[in-house]
Amino acid sequence: MSLCGYLPRLGLLLLVVSTLSAQSSPDVMKARVKSFRRSAEQGDAGAEMWLGASYEQGWTGRKNFKQALKWFRKAAAQGQPDAENSLGQMYQDGEGVKQNYKLAAVWYRKAAEHVPDLGGAGQGRNNLGLLYFNGWGVPQDFVQAYMWFALTPFDENFKQAQSKMTPEQILEGQRLADDWNQQHGLKRRFRLLLF
């Protein structure tokens with residue numbers, strides 16, 4: 001997988017680190033995680049997602065994938081796109097579960113379908129595109145990869161897919177992206193065709 005496959009996840013991590021402050025002491029981090037837990041235990045989907053992320057990233061000292069999965073699943077059950085994308089990533093990477101690209105695709109697709117794109121949705125689209133590009137858990141399909149990449153701002157993956165396609169395939173991928181945008185009430189996004 002190219003580095004671009006990890007950029008959305010890296011972006012989430014950088015957002016989290018800047019939000020939680022990289023200079024935080026372990027006690028401050030534990031207090032923030034405790035705050036996430038209080039809200040998560042009351043059913044707050046955002047707090048459930050952040051608590052899952054804290055366990056996945058080991059913000060309290062060590063990683064705990066079992067707890068990460070538990071909280072990501074709770075948030076995903078409420079339709080939280082960042083949690084859905086994170087579950088896809090855990091299945092793709094085999095973190096705390098047996099690696100399963102088909103389940104990764106299921107979770108990425110759930111995240112990808114959210115509108116507006118508030119983070120997890122765009123990451124889900126990009127990650128689903130990568131699965132299609134590489135043929136992991138889904139049939140390799142550059143047209144589908146192109147479509148999902150066209151719905152994200154991640155140009156490198158978009159260009160990689162384009163480089164593997166005929167002009168006819170590119171037009172089909174763009175038509176699929178336009179149809180998706182129309183079905184979801186979004187404006188058409190024009191992407192530069194590079195040959």
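Filtered by the rule that a residue be in a helix (DSSP H, G or I), within 21 Å of Gly119 (Cα to Cα) and charged (D, E, K, R), the range 29-61 gives Glu48, Glu56.
Those helices (runs of 4 or more DSSP H) of the range 81-195 in which 3 or more residues are under 26 Å from Trp71 (Cα atoms) and modelled with pLDDT under 95 occupy 120-134. Does at least one position in the range 132-146 carry a residue that is within 22 Å of Asp82 (Cα to Cα) and aliphatic (A, V, I, L, M)? For the range 132-146, residues within 22 Å of Asp82 (Cα to Cα) and aliphatic (A, V, I, L, M): present. In the range 1-59, of all residues being at pLDDT below 85 and among the polar types (S, T, N, Q), the one that is surrounded by the most Cβ atoms within 10 Å (Cβ to Cβ) corresponds to Ser24. In the range 103-120 there is no residue matching the filter, namely being surrounded by fewer than 17 Cβ atoms within 10 Å (Cβ to Cβ), among the basic types (Lys, Arg) and out of contact with any Lys or Arg (no Cβ under 9 Å at 6 or more places or on another chain). Given the structure, is Gly119 within 13 Å of the chain's Cα centre (by Cα) and on the phi > 0 side of the Ramachandran plot? Considered against the rule, which asks whether it is within 13 Å of the chain's Cα centre (by Cα) and on the phi > 0 side of the Ramachandran plot, Gly119 comes out as yes. Being closer than 26 Å to Lys74 by Cβ and touching a Cys at 6+ places or on another chain (Cβ under 9 Å) holds for only one residue in Asn157, Asn126, and it is Asn126.
Okay, residues lined up against (1) of a type in the set (Val, Ile, Thr); (2) free of Cβ contacts under 8 Å to residues at least 24 places away in the same chain:
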residue: Trp59; (1), (2): no, no
residue: Asn64; (1), (2): no, yes
residue: Gly79; (1), (2): no, no
residue: Leu87; (1), (2): no, yes
residue: Tyr91; (1), (2): no, yes
residue: Glu95; (1), (2): no, no
residue: Gln99; (1), (2): no, yes
residue: Val115; (1), (2): yes, no
residue: Tyr132; (1), (2): no, yes
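The values are calculated or read from the model by the stated rules, or taken from the named source; none is laboratory data. Just so it is clear, the structure is predicted and the values come from calculations on it, not from any experiment. Heads up, the Cβs are rebuilt from the backbone with ideal geometry, glycines too, and the neighbour counts pull from every protein chain shown.
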